[in-house]
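Q: Take this structure, written in structure tokens, and hold onto it; I'll ask about it next.
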Amino acid sequence: MPAPRSTPIWKKALPVAALVLALVACMAGFRIWKQQLEDAPVDALYRDYLAYVAARVPAADLHLQRYYQRYGRDTVAAKHFKPICRSVTAMADQQALDLGASEWHTLAGSCRTRPSNDEIHLLP
């Protein structure tokens, strides 16, 4: 009776390797997609809020101009909106701009939270 032939090790490992390769490809694709979303410009509503405040507060306008220069952009990136919004809103509050009476009262209220330590390095 002939001895049973054993399957080569590479044939046994092939499904596992294919699964690992597919998992790595999915993770890389997700990372690229996420980075594109973060680098995308903010929506028009948020852009208009920043423009509204910058038009009325010179320090906020200067702050936005420094941001645009530092990052080589002409819009705020989605990943930077929260810290920029907080700082611009704080500048508006220091200048006594009444955002509560404007159409932006809801957005201004959400921007009045304190920045986390991770977000401070984003400020120009």
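Every residue, every condition in (1) under 28 Å from residue 113 (Cβ atoms); (2) exposed (fewer than 14 other Cβ atoms within 10 Å of the Cβ), yes or no:
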position: 17; (1), (2): no, yes
position: 27; (1), (2): no, yes
position: 40; (1), (2): yes, yes
position: 62; (1), (2): yes, yes
position: 65; (1), (2): yes, yes
position: 84; (1), (2): yes, no
position: 94; (1), (2): yes, yes
position: 97; (1), (2): yes, no
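Q: Going by the conditions given, is residue 57 surrounded by 13 or more Cβ atoms within 10 Å (Cβ to Cβ) and out of contact with any Pro (no Cβ under 9 Å at 6 or more places or on another chain)?
A: Here the answer is yes, as residue 57 does meet what is asked.
Bear in mind these aren't lab numbers, they're just calculated from the coordinates by the rules spelled out. Being a predicted model, the structure only gives us computed values, none of them experimental. Please note: Cβ atoms are built from the backbone with ideal geometry, for glycine as well, and neighbour counts cover all protein chains shown.
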